[in-house]
Amino acid sequence: MSADLHGSQRAVETLVSKLRRRQVVGSREAALETVLVLRQVVSKARFSNIDQLISLIRSVGKRLVEAQPKEHSVGNTVRKLLHHIREEYNTAMTGNASSSKTVYSISNFVLQGQPRKQNVAPKSEATLTLKENDPDDPDSFARVLKPVLMEAIQDVLDELETVYDNISKNAKDHIHSDEIILTIGHSKTVETFLKVAAHHRSFTVIVAETGPSYNGHEMARALSSAGISSFLVPDSSIYAIMSRVNKVIIGAHAILANGGMFAITGSLLAANAARVHSTPVVVCAGQFKLTPLWNLYHDFGALDFADPSSVLGFEEGNLVDKVDVLNPYYDYVGPELVDVFITNDGDHPPSSVYRLIKETYDDDDHEL
Amino acid sequence: MPPKSSSSKEKDLTDEDEVLQAVILADSFNKRFKPLTSGKPRCLLPVCNATLLDWTFESLALAGVQEIFVVCRSYPELVKAAIRDSKWSKPSLGLKIVSIITSKETFTPGDAMRDIYTRGIITSDFVLVMGDLVSNIRIDEVVRVHKERRRTNKDAIMTMVVKPSGVVHRTRSKGESAIFVLDAETSECLHYEHVTGYPPKKHAKIPREILAEHPEIEIRNDLIDCGIDVCSVEVPSLFQDNFDYGDIRRDFVHGVLTSDLLMKSIHCYVAREGYAARVADTRSYDSVSKDILARWTFPLVPDDNHPGGHSYEHIRGNKYLAKGNSVVLSRTCKVGSNCLIGAGTHIADNANIQASVIGQRCTIEANVTLRNVYVFDDAHIGAGSVIEYSIVGSNVKVGEGSTVARGCLIGDDVILGKNAKLGEFERVSRRRDEGEADESDKEDEDEQSEDSELEEAEARQDSESITAIIGEGSNAIVWPKGPRADEEDLDEVERYNNQRLMRIEIPIGDPASDLPLEYEGTESDSDASERESDESDLEMHALSRISSATSTSAISTSTPGLNIHTLHDAAAYSEFQAEVTQSLDRAFAEGHSVDNAAVELKTLRMASNVPLRKVREAVVASIVERIEVVEGDAAAQRREISKMVGRWGPLIDKIGGVDPVETIEVLQYHCAKSARLPLFGQILAALYQDDIVEEDDIRAWHARPEAKGEGLKDTSFAENVKRCWLVGTKMIEQFNEQESSEEESGEEDSDEEEQPSKKPAAATAQAAVGKKEESSEEESSSGDDESGEDDSQDSEDDAPATKAATAAPSQPSKPASTPASTKESEEEESEGSEEEESEDDALAPSQPAASKPSASSTTPAVSAAPSAPPPVPAAHAPALVSSTAAPAQPSTQDEESSEEESESEASDKEPAQTAQSQAPPAVASSKQPVTAPSKAESEESEGSEDSEEEEESEDDAASRATEPVPQAQVSTPKASTETARPPATITTQTESVATIPAAVPRPRPGPDVVGGKQNPVVASGSGQVASEGATTSRATTATATSSVATTQHSLRGQSAQERDDDGGEGEESGDDSGETDEEGNTDDSEEE
C-alpha cells in the first residue's frame, strides 16, 4: 500500500511543482493533468467508506489548488470529480437511479427544482452490493466501487477531450454569413469554434494583436491557414474598428459565479468597446472553467502578474531601477459586459452561471 | 496562464535517459557579506525570506536537474541540516541531493572542482552553479544546446550563460564584470576579459588572431555573467591538470581561451528570455531582491513559487504580505511599494516602510522608518529608528531612536542600544563571550582568519566613540572600515576599493551617492604585458605564421608603459619565482635544450598567470646568478659569461615575447641587487654579442628614466642602478667613437640605431667594449664591421643581389646601378674572408640566412632612390625604406616580435651553427622573420626597394638562372637558397611584397600596428583579410628594414640622408601594416 500511495503521492508532487513552475500552462491542460493525477490517486487509494475517499481526494485537490490558485480549472476539476463520485455513490447505495435525463435550459430550470436531484446517468447498476465499513473485508467497499469510479473519471476525461468539439457544434448558429468577428488572444476554443463555423459560413475575422504577449499573431496565422479571411490589428484600434464589427468572440480563462470572467489582457478593452457599440460579446469556454468563486476581482493578485520583460526589456538598465512595471496576464471582465457564454453544456447568459455552477459542483466542495 | 515554459524540452532531456547532474558550490570563497556570514554560510542567507540555497535549488529544479551535489566548505553541518529539513530532500520531489564536504583547504572554486574530480561523481555533462543563484532561465535548454554542440564539436567543453543587461544595470556588478568577445554566429567565446571597477578598466585588448579567424565578432560589455555553466565531464579534470586554476572565470576560462595547448573552446549562451543573477555581494543582494519583488524572476516570485514554501499575497504596488492573516499592520502604518513582509510580523503605528524586505516574526515599532532595508527573521526595530540601505541580521534588536545610515551590515544577534548611530558602511557583529571565542577557535580552525579580524575589531572596542556608535548596553563590536591590513594578498576583485562598488548602496546616479569614485592611478601595466605574452604565445603556435600582427600592437602598447611598479607585486610572485628558479636549475643541471626550458617556463607562467616581465626577471636572474664569479681573471670571467649567455641567453627571448629593452632593464635591476653587479657590463656585452640585445636597444634603454634609477628611493639600490647605467653610458660612448673613428662605422651606427636585427654591428660593438674575444682576435674593429656585413651579404648575395642589380638597371633612370656595383664589389671582397660562414648558412636546412641577401641587394635601390627616384614604382621605395629603417621603437619591436618565431625555428635548425661560433651571420639569419620563411623576405625586401615587386620577383624566379651573377662565390649560397625556395613560394611572397608599395601612398593616421591598443573594434567580414594583410606586410617591413639597414651600411657617408629618412619612418611602418588589408587583392591581380 505504501508503495502505491507513494507512487500517487509522487505524481501529485510532480504536478504541484509543475503548476508552481508554470510548466503546466493553460486551463485545459491543467484540468487534464489534474484528472490524470486524480485517477491515479483513486486507483491506488484504499478506503472502506465514502468519507475516506472524499477526504483523500479533497486533500489532494487542496494541495494542487494551493500550488497554483490562479489556475482555476484545477480546483474545478477536483470539484467536478467529487461531485461525480458522490453521484455514483448515491446511486450505488440507494439503487434508485433516476434515468430521467432532462436537459437543462433557462426555460425549464425552475421546474427542475433542486439540481442535486438531477443526477448524471449513473454508471453503476442497482445490483451492486455495497457495504461500507465492513469489518470483515475492509477493502470490499473500495473493490466494488472502484470500477464505477474509474468510469466516472473517464467520463470527465472524455468531456475534457471533446470539449472543443462540443462547444463548436453549434457554431454555425452563432455566426452568420459575411459577418465581421473580432477576437483577441489565442484561445484554442475560439479558434476551433471559428474554424468549424467556417465550414458553413464565410465571414471575416479581425484579430487584435493582444500585447504584450502578441498571441494574436498566432491566432491570425492559424485562422488564415484555415482559409478564414483574417485581419490583424493593433490593440489600439479595437475601439475604432468596433463600429464595423458584428460580434466579439473571445475565450475565457475562468468563468466566475457572478457571470464575470478572467480573460487575457485586452479583453476588457474589447468588451468595453463592444458595449459602447452594443456589439454582442460571446464567450466560448468549456464547462471546466466554471469557477464557484465570485469575488476574485477584489483580489489584485488574481490577475496574475507576469514578469515585466515583455513590456520593458531587462537590458534597459537605466529604467529597470526607476520604473515599476505591471504586466497582468488577465483582465477581469464583469458580467455586464458579456452577453452569452457558449459552453459544451449549452449556451447561457451570465446571469445563469451561478445556476450552472450549482448543478456542476457540490456546495460542500467550494472550499476544498 | 502565461505560457512561460514549454514542457516539451524537458521531455527531450529525459528521453536521453541521462540523469542531469548539477554541482552547487555552496561557498562564496570570499568575505563580502561579513559579518552577516559569521556563524552561517552565505548560501543560507535569506533573500526575500527564502535562503539562497533554496533559490538555487529551485532554479535548478526548474531545469529538470535530477541530481545535485552541494559542495560545502564553511559550516557544512548547517548546510546539511538546512538541506535535510527543506522540502528538497523529500523523496516525492524526485531530487537527489548529495552534500559533499570539502576540506578547509579549499580556498577557491578551482579547489572545489579538483575535489569533485577526485571524488569522481560526475558522469556526464553537468550544470555548475554557485550557491547564490537566482534564476528562471531554462537551463535544460542550455544543456540541450550544449549537448548538441558537443555532438559535432568535442572541444566545446563549456557553455556559460550570460544575460544581456545593458552597460548600466542595477544587477550588473560594477566591481566585477567582464567583456565577452563572441563569435556572432556560433556564440563561441573568443576572449574573456575580466573587468574590475577599481582600478577602472578603460581598455580592453583583443588578440588580433580573433579578428583574423572570425569574420564577425561581437564585443560585449553589457552581459551579466549569470554564473551558470554547463560543463562537460572533462572540466573537472582540466582543473585537476592545472593546479593553479582558482577562479572559474579569471583563471579557468581565461586559461582555456588563451591556452595554446588545450585547443578547447568555450561557448556562451546569451539568454534572451529569463532571468539569472548571482547574489555575489551586498549590492547584488539588494538588486536581486528588487528584481524578485519586481517579478523579473517570474514565476519564481513570492506569491507564486516561493522557494521557501511560504505563501504571500500579491497586492497592488508589488507588495507582498504573508498569507494567513498573521501579519499585523497598524492602521496608520505605511507600507510602500516593492515590499515583502513575512509571516507573524507586527508593524506599529506610523511606521513607514519603503522598498524593504521584512522577515518573519519581526517587530517594527512605532514611527520607524525603513527604506531599502533587508531585515532578517525575528528582528526588533525600536521605536523611532531610521534605517536605510542596510541589511539587518536575524534576531537583531535595534534600540529606540537609533539611526543606521546606508550601507550598514548588522550581524545576527546584535543588540544596539538606545540612540545608536551607525555611520555609513559600518559593519557590526555581536561581541562573543570569552568562552565562546575559545570554543570556536577550537572547533573551527577554518574561521581563523575571520577570528583574527574579529579580534582586531574587538581590540579596538574600548573607546568612547564606539559606544556612541552602538549605543548604551549594546553587545556589538564595530568592524574596522577601510582596507584591511593584508590587502596586498587579496585578489584584485576583493580589495577594498573595488569592494566599495559592491556594497549595498543608494543607486549610482542618485545625487546622494558618492560613487563613482575617483581613481588617480593608471591601469596596471602588468595586464598589458601579460596579455602581450599570451598573444605572442598563441602566435608561436599559429600554423600560418602570418598571425604576428597582434603581438606588435601588444608590445608597442606595453613598452612605453613598462615601469617598475610591478615590483610592488613582488611578494605575490615570490612563489612563482621560486618555481622558475627550480625549473631553471633543473634545466641547467640536466642540460635541457633551450626550447624545452622555454616550454616549461611558459607553462609555469600561464599557470601562475604572471606578467611576462616577471618571467623575464626570473630568467635573467637565474642566468646571472649562474655565472660563476672568477676573481681577478678578466679573461676567464669573460669566457664564463659568454659561455653561460651563449648557452642560455636565447632563452630570454623565448619566454613568450621579445623585448630586449626590458631585458636590459631587468638585467640592470637584477645586477643592482645582486653580488654580480660588477659583471653587468660584461653580461650586457655578451648579450649584445649574442644578439639578444642590439645597440638600439641599449640606447633605448639608456635613454629611459628607469634606467637611470629615477624615482628610486632606496639609496644603495638606486646607486647600483646608476652604476649600471654608467656602464651603459660607457658602452654607448664606445659605439659613438666607433662611428666617428671609422668611415664605415658611421654607417654601421646608423644601421644599428635604426635596425634592431643588425648583426654585423655586434662584432664591432663587442670589440669596442673590449669584451669580445674572438672578433678582436680575428680582425680590427673595422675588419669586424666588414666581416659582419659580409656575412649577412654572403648568405644572401646570391639571388637577391643579382636581382637587385638587374632590377635596378631595368628602371628608366637607372640611378641604382652604380651603388649596386660598388656594393657588390665590397661584398666580393668581404666574402673571401667569410666564406666559411656563408657556407654554414647555406648548409643550414632552413636557410634562415636567405633573407639576408636583401641586405646587400637592397643597397642599390636605396641609394638610387634618394639620388634620383625612378618613375612611378620607385617613388615608393624611398618612403618605404625610410619607414622600415625607422629607429622608432614600435616598429623595431614589431619586427622583433615577428622574428621571434623565426628565431626559435632558426635556432632549432641550426644548432650546429650556433655552437660553432657566435658568428654574426648565424645569428643574423636566425633573426629573419620566419613566417614566410626567410626566402620570401629576401624577395620582399628587394621588392620594396625596387618598388616593382612583381616584376622583380618574377624576374628573380625566372631570370635567376639567366641573370649574370656578379659574384663568383655566390654560387654556393645561391644554390642552397634556390633549392629552398620553390617557385610556388616565390609567388606567394610576391603578393606580400606587392602590398608594400600600395600601402605607402595612403598613410593612415591611426596605424594599427603602432597604436595597436586602440583598435579593439568590431571587425566584420574584412577582418580576416585585414589582419592577414597586416601581418604579411609587417613581415615585409621587417625584412625591408634589415635590408635597408644593410644598405645604409654599405652606403657609407650617406648617413645624413638616411637620417632624414628616419623622420618619417615611424608612422609609415605603421601605415604599411595597417593598410595592407585592401592591398591583398590588388597584389594578386598585379601579379598576374
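The values are calculated or read from the model by the stated rules, or taken from the named source; none is laboratory data. All values reported here derive from a predicted model rather than from experimental measurement. Note that we place each Cβ from the backbone using ideal geometry, even for glycine, and neighbour counts take in every protein chain shown.
The residue list B:ILE292, B:ILE224 contains one member that is within 14 Å of chain A (Cβ to nearest Cβ), among the hydrophobic types (A, V, I, L, M, F, W, C) and in a helix (DSSP H, G or I), which is B:ILE292. Here A:ASP299, A:ASP364, A:ASP321 are screened, and the one residue that is within 14 Å of chain B (Cβ to nearest Cβ), modelled with pLDDT under 85 and under 30 Å from A:LEU64 (Cα atoms) is A:ASP299.
Within the stretch B:49-81, which residues are of a type in the set (A, V, I, L, M) and either at pLDDT below 85 or in contact with an Asp or Glu (Cβ under 6 Å, 6 or more places away or on another chain) (or both)? Scanning the stretch B:49-81 gives B:LEU52, B:LEU62, B:ALA63.
The residues of the stretch B:125-147 that are in a loop (DSSP other than H, G, I, E, B) and acidic (Asp, Glu), listed by number, are B:ASP125, B:ASP132. Which ranges mark the helices (runs of 4 or more DSSP H) fully within the stretch B:409-510 that have 1 or more residues being at pLDDT below 75, surrounded by fewer than 17 Cβ atoms within 10 Å (Cβ to Cβ) and touching a Gly at 6+ places or on another chain (Cβ under 7 Å)? Fully inside the stretch B:409-510 and qualifying: B:496-499.
Look at (1) surrounded by fewer than 24 Cβ atoms within 10 Å (Cβ to Cβ); (2) at pLDDT 55 or above; (3) over 30 Å from the mean Cα position of the chain (by Cα) and you find that B:VAL769 fails only one, number (2).
The rows are residues; the columns are (1) within 18 Å of A:ASP173 (Cβ to Cβ); (2) outside any helix (DSSP H, G or I); (3) at pLDDT 95 or above; (4) touching a strand residue (DSSP E or B) at 6+ places or on another chain (Cβ under 9 Å).
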position: A:VAL196; (1), (2), (3), (4): yes, no, no, no
position: A:SER202; (1), (2), (3), (4): yes, yes, no, yes
position: A:VAL207; (1), (2), (3), (4): no, yes, yes, yes
position: A:PRO212; (1), (2), (3), (4): no, yes, no, no
position: A:GLY227; (1), (2), (3), (4): no, yes, no, no
position: A:ASN258; (1), (2), (3), (4): no, yes, no, no
position: A:PHE262; (1), (2), (3), (4): no, yes, no, yes
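Every test in (1) of a type in the set (S, T, N, Q); (2) crowded, with 17+ Cβ neighbours inside 10 Å; (3) modelled with pLDDT of 80 or more is passed by B:GLN738 save one, and that test is (3).
Look at (1) within 14 Å of chain A (Cβ to nearest Cβ); (2) assigned to a loop (DSSP other than H, G, I, E, B); (3) closer than 27 Å to B:ALA383 by Cβ; (4) acidic (Asp, Glu) and you find that B:ASP286 fails only one, number (2).
Working only within the stretch B:242-283, note down all residues that are closer than 21 Å to B:ILE139 by Cα, within 14 Å of chain A (Cβ to nearest Cβ) and among the basic types (Lys, Arg). Working first, answer last.
Start the filter on the stretch B:242-283 by keeping residues that are closer than 21 Å to B:ILE139 by Cα, which leaves B:248-249, B:253, B:265-280.
Now narrow it down to the ones that are within 14 Å of chain A (Cβ to nearest Cβ): B:270-277.
Passing the criteria: only B:ARG272.
Conditions (1) more than 23 Å from B:ASP413 (Cα to Cα); (2) out of contact with any Leu (no Cβ under 9 Å at 6 or more places or on another chain); (3) within 14 Å of chain A (Cβ to nearest Cβ); (4) not in a loop (DSSP other than H, G, I, E, B), marked per residue:
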| site | (1), (2), (3), (4) |
| --- | --- |
| B:THR297 | yes, yes, yes, no |
| B:GLY309 | yes, yes, yes, no |
| B:HIS314 | yes, no, yes, yes |
| B:TYR374 | no, yes, no, yes |
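Screening A:ALA270 on (1) more than 8 Å from chain B (Cβ to nearest Cβ); (2) surrounded by fewer than 19 Cβ atoms within 10 Å (Cβ to Cβ) shows it passes everything except condition (2). Filter the stretch A:23-42 for residues that are without any contact (Cβ under 8 Å) to a residue 12 or more places away in the chain and closer than 21 Å to B:GLY309 by Cβ and give the result. A:GLN23, the sole residue that qualifies. Going residue by residue through the stretch B:327-336, is there one that turns out to be polar (S, T, N, Q), touching a Ser or Thr at 6+ places or on another chain (Cβ under 9 Å) and modelled with pLDDT of 90 or more? No.
For the stretch B:262-300, a tally of residues being small (Gly, Ala, Ser) and under 24 Å from B:LYS31 (Cα atoms) returns 6. Candidates B:ASP569, B:ASP585, B:ASP633: the one that is out of contact with any strand residue (DSSP E or B) (no Cβ under 6 Å at 6 or more places or on another chain), at pLDDT 75 or above, surrounded by fewer than 18 Cβ atoms within 10 Å (Cβ to Cβ) and charged (D, E, K, R) is B:ASP585.
Going by the conditions given, is B:HIS191 more than 26 Å from B:VAL279 (Cβ to Cβ), away from chain A (no Cβ under 14 Å), assigned to a strand (DSSP E or B) and not hydroxyl-bearing (Ser, Thr, Tyr)? The answer is yes for B:HIS191. Selection within the stretch A:156-173: residues that are in contact with a helix residue (DSSP H, G or I) (Cβ under 7 Å, 6 or more places away or on another chain) and surrounded by fewer than 21 Cβ atoms within 10 Å (Cβ to Cβ). The member of this set that is farthest from A:HIS348 (Cα to Cα) is A:LEU157.
Only one of B:ILE224, B:ILE210, B:ILE219 is of a type in the set (A, V, I, L, M), under 24 Å from B:LYS147 (Cα atoms) and either touching a residue at least 24 places away in the same chain (Cβ under 8 Å) or buried (at least 22 other Cβ atoms within 10 Å of the Cβ) (or both). Can you tell me which? Spell out the reasoning first.
Working: B:ILE210 fails: under 24 Å from B:LYS147 (Cα atoms); B:ILE219 fails: under 24 Å from B:LYS147 (Cα atoms).
Going through B:ILE224, B:ILE210, B:ILE219 in turn, the sole match is B:ILE224.
Taking the listed residues A:SER278, A:SER310, A:SER352, the one that is surrounded by fewer than 22 Cβ atoms within 10 Å (Cβ to Cβ) and either in contact with a Leu (Cβ under 7 Å, 6 or more places away or on another chain) or within 14 Å of chain B (Cβ to nearest Cβ) (or both) is A:SER310, with no other qualifying.
Do you know which of the residues in the stretch B:159-182 that are in a loop (DSSP other than H, G, I, E, B) and charged (D, E, K, R) is nearest to the other protein chains (Cβ to nearest Cβ)? If you could, list the steps in order and put the result at the bottom.
Within the stretch B:159-182, the first condition is being in a loop (DSSP other than H, G, I, E, B), and the residues that meet it are B:165-175.
Narrowing further to those that are charged (D, E, K, R): B:170, B:172, B:174.
Numbers: B:ARG170: 5, B:ARG172: 7, B:LYS174: 11 Å.
Per the criteria, the residue is B:ARG170.
Of all residues in the stretch B:61-118, which are in contact (Cβ under 8 Å) with a residue 24 or more places away in the chain, away from chain A (no Cβ under 14 Å), in a helix (DSSP H, G or I) and within 17 Å of B:GLY131 (Cβ to Cβ)? Answer for the stretch B:61-118, where residues must be in contact (Cβ under 8 Å) with a residue 24 or more places away in the chain, away from chain A (no Cβ under 14 Å), in a helix (DSSP H, G or I) and within 17 Å of B:GLY131 (Cβ to Cβ): B:PRO76, B:LEU78, B:VAL79, B:ALA82, B:ILE83, B:PRO109, B:GLY110, B:ASP111, B:ALA112, B:MET113, B:ASP115, B:ILE116. Residues in the stretch A:13-58 that are more than 8 Å from chain B (Cβ to nearest Cβ) and closer than 20 Å to B:LEU300 by Cα: 3 in all.
If you scan the stretch B:316-354, which residues turn out to be surrounded by 23 or more Cβ atoms within 10 Å (Cβ to Cβ) and assigned to a loop (DSSP other than H, G, I, E, B)? If the condition is that a residue be surrounded by 23 or more Cβ atoms within 10 Å (Cβ to Cβ) and assigned to a loop (DSSP other than H, G, I, E, B), then B:ASN318, B:GLY342, B:THR345, B:ALA351 are the ones that fit.
Answer yes or no: is there a residue in the stretch B:637-648 that is among the hydrophobic types (A, V, I, L, M, F, W, C) and within 19 Å of B:ARG605 (Cβ to Cβ).
The initial filter retains those residues of the stretch B:637-648 that are among the hydrophobic types (A, V, I, L, M, F, W, C), namely B:641, B:644-645, B:648.
Still in the list and also within 19 Å of B:ARG605 (Cβ to Cβ): B:648.
Checked the stretch B:637-648: at least one residue is among the hydrophobic types (A, V, I, L, M, F, W, C) and within 19 Å of B:ARG605 (Cβ to Cβ).
The residues of the stretch A:229-256 that are within 22 Å of A:ASP173 (Cβ to Cβ) and exposed (fewer than 15 other Cβ atoms within 10 Å of the Cβ) amount to a single one, A:SER229.
Scanning the stretch A:278-317 for residues that are more than 14 Å from A:LEU256 (Cα to Cα) and β-branched (Val, Ile, Thr) yields A:THR279, A:VAL281, A:VAL282, A:VAL311.
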